[in-house]
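Participant: After the structure tokens below, expect a handful of questions from me.
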Amino acid sequence: MAAELKARKDMDKRYMWDLTQIYKTNEDWEKAFVELQARIPEVGRYSGTMGTPAGAKAALDGFYDLVYKSMLMYLYAELNKSGDNGDPEYQAMNERAMMLLVQLNTAASYITPELATLPTETLQAYLHAPELELYRHQIADIIRVRKHVLSPEQEKMLSMLADAAQTPDNSFTMLESVDMTFPTIRDENGEEVQLTHGSFGVYRESADRRVRREAFEKYFGEFKKYINTFAAMYGGSVKFDNYFADVRGHESALSAELYGNDVPVAVYDSLIEAVHEALPAMGRYIALRKKALGLEELHMYDLYNPMVEDAGMKFTFEEAKDIVKKALAPLGEEYGGLLDRAFSEGWIDVYENKGKTTGAFSCGVYGVHPYVLLNFTNELDDVFTLAHELGHAMHSYKSDHAQAFANHDYSIMAAEVASTVNEVLLLKYLISNETDKKRRAYLLNHFIEGFRTTLFRQTLFAEFEKETHAMAQSGQPLTADSMNALYRRLNELYYAGAVVDDLQDIEWARIPHFYNAFYVYQYATGYSAAVAIADRILATGDASDYLRFLTTGGSDYPIKELRIAGVDLEKPEVVSNALKEFGNSVDELEKLLGKCDAIKECIVKEMGKKIGTVVCCEDDKQQQVKAFVTELNRTLPMYKRISVVECSAEPLPRNALGKLLRK
């Protein structure tokens with residue numbers, strides 16, 4: 001009988017976060033709520049007083065003081081609710097806190113438009129006023145965006161709409177995390193096990209094709225039951241995005257979202273273009289994966305299981321903590337000390353329970369410390385997720401301690417760099433310290449999968465978002481059928497050579513990030529930037545520029561902040577150089593074969609439905625080569641073993657560009 005998830009109250013507190021560091025009790029939260037609610041009208045007193053530096057400072061100081069207190073209230077409720085989205089007490093507290101935020105933003109909605117109506121020379125003078133030094137970036141940004149700022153009355157109306165605009169996202173969370181349930185499946189041992197959001201990721205990677213196919217079909221099958229509801233929710237979210245962009249005079253929702261961080265649309269478009277140019281390398285990987293797994297057809301449920309046996313790469317949470325700390329040692333002793341605090345002071349909520357938010361996230365709480373939510377299942381991916389979320393957490397900690405509240409919150413673009421640097425450092429640490437060929441091959445497969453799921457898959461998501469918003473803007477209906485068709489077309493483009501199963505068409509319905517429009521492209525740009533930063537740190541032994549970047553918070557635009565760490569995302573080489581690493585990793589077997597001194601050059605190819613190799617070597621070295629292949633086969637799973645070895649003293653044929661021919 002499948003084991004059911006534990007209720008939140010039955011979980012081991014040693015592996016749960018300690019939210020009493022925000023408020024000791026719910027009663028303390030209630031007291032703070034009443035006090036803050038009474039203070040919200042205070043913000044109105046500054047209207048008409050911002051024509052002098054002193055007046056502007058008083059208004060901004062008063063506003064940010066209330067924002068800080070309201071964010072503490074909201075995050076306490078939100079994090080408690082994330083632990084069990086079905087808890088009615090925290091559902092209510094979360095909604096009340098959100099309503100209070102809306103009331104505050106509505107009451108303060110005049111501040112930005114009133115500042116924006118001041119003469120340009122006045123705002124320029126404010127940039128140099130000593131008393132406004134803390135708000136210099138905000139004032140510079142007002143000068144930049146003032147053409148998109150509406151009248152105080154219009155801004156107030158938009159603020160009042162903010163709560164309603166969260167309805168699609170809130171509805172998705174309630175349906176996906178609380179109301180939906182999943183059937184059981186049979187695991188590798190034939191035992192009945194419960195399928196959940198967390199366990200789906202585990203069974204999707206099963207070496208048993210029946211298990212991963214059954215998990216895929218039953219998990220996605222549940223989403224299919226509600227596909228029209230998901231289409232209505234996501235369609236509503238897109239319409240809100242387009243509405244807010246239109247009323248502010250932006251060309252599109254995409255340009256509006258990127259405009260906030262001063263990111264040119266060309267960065268988004270060039271990412272998609274660069275990935276499209278690298279799709280032939282993805283095609284090679286698809287072909288290699290199909291051959292390595294010994295499959296006649298590679299289906300979408302065959303994309304996540306390792307091509308190489310995991311060689312027992314399971315990790316307890318204690319082991320994961322130790323590995324992550326060692327891998328991040330190049331970031332210095334202070335960084336390592338913060339990791340120790342995260343592990344020992346109740347920053348992390350580790351295991352899945354009933355009603356808990358799926359996936360993982362980090363949430364900074366200014367004046368307290370960051371919190372990390374996991375759904376740890378002892379897989380290698382969970383170790384990487386721990387490193388990833390701690391990257392966010394340390395970014396929050398360092399920014400919070402270096403910046404005032406008004407400037408502490410960094411952009412998503414910067415955030416995804418901090419998290420992914422940790423992942424890249426972890427991977428390079430594991431590979432560099434692994435001597436077992438089988439485990440090393442497994443890690444290399446994981447590295448390639450990091451590129452596929454982050455650079456390629458997230459760019460596919462980014463293209464889907466761009467297309468859906470353009471469809472809605474042009475008046476095309478966003479129905480389940482139209483979005484399924486779009487998603488199928490993109491999967492067929494990105495995964496040419498694989499069978500795109502019908503159920504794959506609805507994967508878009510399970511992606512929560514789509515309700516935070518144009519978020520996911522930053523995973524791809526962040527991954528590219530992180531590869532460059534991690535390589536630089538490991539090559540020089542100097543992480544000082546990167547650590548300085550982590551302290552910048554929201555004090556500047558993300559592209560400018562990243563230049564501190566040595567990366568310029570306006571240059572297409574950042575993405576294209578990362579994609580080259582993906583292409584260079586696809587020839588894994590050929591590199592393994594190249595470790596034999598007797599081999600001058602070789603190719604691996606299909607020979608009569610078997611994996612074979614053609615090797616260039618001296619005649620008297622043929623037995624040495626064959627003995628090497630025999631030894632190599634002992635380290636490989638059955639489906640990757642080389643069955644045919646052909647030796648030739650003549651150089652292998654090449655094309656006009658000098659590359660080996662595989663015909």
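Participant: Based on the Cβ-Cβ distance of ALA164 and GLU222, what FRET efficiency does E = 1/(1 + (r/R0)^6) give at R0 = 45 Å, to the nearest 0.05?
Facilitator: The computed FRET efficiency comes out at 0.95.
Participant: Using a 1.4 angstrom probe on the protein heavy atoms only, could you order LYS290, LYS239 from most to least accessible area?
Facilitator: LYS239, LYS290
Participant: Okay, next question. Report the Cα-based extents of the range 196-240 along its three principal axes, largest first, to the nearest Å.
Facilitator: 42, 16, 14
Participant: Next up: Compare the Cα positions of SER482, TYR442, PHE464 along the charge dipole of the range 423-483 (+1 at Cβ of Lys, Arg; -1 at Cβ of Asp, Glu; about the Cα centre) and return the one farthest towards the positive end.
Facilitator: Looking along the dipole axis, the top candidate is TYR442.
Participant: Over the chain, what percent of the accessible surface lies on carbon and sulfur atoms, probe 1.4 Å?
Facilitator: Answer for the chain: carbon and sulfur cover 51 percent of the accessible area.
Participant: Report, in degrees rounded to the nearest 10, the 0 to 90 angle that the Cα long axis of helix 265-277 makes with the longest principal axis of the chain.
Facilitator: Between helix and principal axis, roughly 10 degrees.
Participant: Just the number please: accessible area per residue for the chain, 1.4 Å probe, all protein chains included, in Å².
Facilitator: Ligands and nucleic acids excluded, the figure is 43 Å² per residue.
Participant: Over the range 352-494, what portion of Cα pair distances is larger than 23 Å, expressed as a whole percent?
Facilitator: Percentage above 23 Å: 54.
Participant: Please compute the contact order of the range 165-246 in relative form: average sequence separation of alpha-carbon pairs under 8 Å and at least six residues apart, divided by the residue count, as a percent.
Facilitator: Relative contact order for the range 165-246 comes out at 32 percent.
Participant: From the cross-link list LYS57/LYS560; LYS291/LYS325; LYS225/LYS466, which pairs have alpha carbons spaced over 29 Å apart?
Facilitator: LYS291/LYS325
Participant: Mind pulling the per residue volume of the convex hull built on the Cα atoms of the range 148-187? Å³ is fine.
Facilitator: 78
Participant: Rounded, prolate or oblate: which one fits the range 179-302, using the alpha carbon gyration tensor with axes a ≥ b ≥ c (rounded when a/c is under 1.5, else prolate when a/b beats b/c, else oblate)?
Facilitator: oblate
Participant: Please figure out what share of the DSSP beta bridges in the chain is antiparallel and state it in percent, rounded to the nearest 5.
Facilitator: 65
Participant: From the Cα trace of the range 1-55, what convex hull volume per residue do you get, rounded to a whole Å³?
Facilitator: 198
Participant: Would you check the accessible area of TYR527, probe 1.4 Å, heavy atoms only, in square angstrom rounded to 10?
Facilitator: My reading of the accessible area for TYR527 is about 10 Å².
Participant: Relative contact order of the chain: what whole-number percent is it, with Cα pairs under 8 angstrom and at least 6 residues apart?
Facilitator: Rounded, it is 15 percent for the chain.
Participant: Hey, another quick one. Starting from the alpha-carbon convex hull of the range 293-368, give the projected area averaged over all orientations, in nm².
Facilitator: Value for the range 293-368: 8.7 nm².
Participant: Using the Cα atoms of the range 122-176 to build a convex hull, what is its mean projected area in square nanometres?
Facilitator: 5.9
Participant: Using alpha carbons only, how many angstrom separate the centre of the range 259-280 from the centre of the range 472-499?
Facilitator: One Cα centre to the other: 19 Å.
Participant: Highest mean first, what order results for 642-648, 73-79 on Cβ atoms within 10 Å?
Facilitator: Ranking the peptides 642-648, 73-79 by packing returns 73-79, 642-648.
Participant: Could you run the Debye sum over the Cα atoms of the range 230-374, one equal point scatterer each and no solvent, and tell me log10 of I(q)/I(0) at q = 0.17 Å⁻¹, two decimals?
Facilitator: Each listed q maps to, in turn, -1.15.
Participant: At 1.4 Å probe size, put THR377, THR468 in order of accessible surface, largest to smallest.
Facilitator: In descending accessible area the options line up as THR377, THR468.
Participant: Below 8 Å, C-alpha to C-alpha, sequence gap of six or more: please give me the relative contact order for the range 53-209 in percent.
Facilitator: Result for the range 53-209 is 21 percent.
Participant: For the ranges 177-186, 453-462, what's the packing order if you count other beta-carbon atoms within 10 Å of each residue, average per peptide, and put the highest first?
Facilitator: So the peptides 177-186, 453-462, ranked by packing, come out 453-462, 177-186.
The values are calculated or read from the model by the stated rules, or taken from the named source; none is laboratory data. As the structure is a prediction and not an experimental result, all values here were calculated from the model. Please note: Cβ atoms are built from the backbone with ideal geometry, for glycine as well, and neighbour counts cover all protein chains shown. SASA here: full protein model, heavy atoms, side chains in, ligands and nucleic acids out. Shrake-Rupley method; radii C 1.70, N 1.55, O 1.52, S 1.80 Å.
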